[in-house]
1. Calculate the mean, over all residues of peptide B:27-34, of how many other protein chain Cβ atoms lie within 10 angstrom of the residue's Cβ.
2. How large is the helix-only mean residue ellipticity at 222 nm for the protein assembly as shown, computed as the sum of -39500 (n - 2.57) over DSSP H runs with n ≥ 4, divided by its residue count, in deg cm²/dmol to the nearest 500?
3. Amide H to amide H, which residues 5 or more places from A:Leu62 or on other chains are under 5 Å from it, using H placed in the peptide plane?
4. Keeping to pairs on different chains or 8 or more places apart, tell me how many lysine pairs in the protein assembly as shown have Cα atoms under 29 Å apart.
5. Mind computing the radius of gyration and Dmax over the alpha-carbon atoms of the protein assembly as shown? Å is fine for both.
6. Work out from phi, with θ = phi - 60° and the Karplus expression 6.51 cos²θ - 1.76 cosθ + 1.60, the ³J(HN,Hα) of each residue of the stretch A:78-92, listed in order in whole Hz, and give x for Gly and Pro.
7. Over its Cα atoms, what ratio of radius of gyration to 2.2 N^0.38 Å does chain B give?
8. Work out the length of the dipole vector of the stretch A:17-71 about its Cα centre, built from +1 on the beta-carbon of each Lys and Arg and -1 on the beta-carbon of each Asp and Glu, and round it to the nearest 20 debye.
There are 2 protein chains.
Amino acid sequence: MSTKDIVTAYFEAWTTGDIPTALKYVAPDVVVVGPAGRLDGADAFAQFCGNFAARLTGIRLLRLLADDEGAVLFYETATDASASALAAEYLTVKDGVITEARYAFDRLPFAQLAQG
Amino acid sequence: MSTKDIVTAYFEAWTTGDIPTALKYVAPDVVVVGPAGRLDGADAFAQFCGNFAARLTGIRLLRLLADDEGAVLFYETATDASASALAAEYLTVKDGVITEARYAFDRLPFAQLAQG
């Protein structure tokens, strides 16, 4: 599989809540960096993406650019907290799996919803 | 100039606060979409990027991927609100200028700082 195919399969899996399939494309010792900081390992990855997927009500991939070393994805999400929010991922791929995953998104709508 | 060169020049300009130079690479009727919604036109772009640049204390470009239609950039910022935060841009380039610019970043640290 090409880097683009790996990343596409991972993205389609997690954004539909199919975390077990997403995990097929993720290294056991994956490094995850999100707005709240760094997490280590596939279990932490599964929890991070699972939590986000559970709140998704819609997603639209705007751009995916890949090369041999990885990919950047940019997309629009709809969640329980916001009808439209932009988000992005920067993924490093080595030996057919994602070894590092970085996420940029806005936590403010989630914080505002939690505050009521 | 290639799309990559245009985007690189724009990015280096705005992230160092040189908005006039950044504007050379931006269409007069640019569409800007950020976490707070859509803005239209180069003046709105200048204000948006100027405000962000004024708060930057450091920036590290992690990835820039481009093709003929545009580019995605993924980077780490340091600001008055957060020592380390991930952010991304998705830029559409036509006829040598940026016609659409979308930004994904976390507003929460800024909101928390404003609340004191």
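Just so it is clear, none of the values below were taken in a lab; they were calculated from the coordinates. All values derive from a computational prediction rather than experimental measurement. A quick note on method: Cβ atoms are made from the backbone with ideal geometry, for glycine too, and the neighbour counts reach across all protein chains shown.
1. 1
2. That comes out to -10000 deg cm²/dmol.
3. Residues meeting the criterion, in which the H sits 1.01 Å from N, are A:Phe74, A:Tyr75, A:Glu76.
4. 9
5. Rg and Dmax of the protein assembly as shown, Cα atoms, are 17.2, 49 Å.
6. 10, 9, 5, 9, 7, 5, 8, 9, 8, 8, 8, 10, 10, 10, 9
7. 1.01
8. 360
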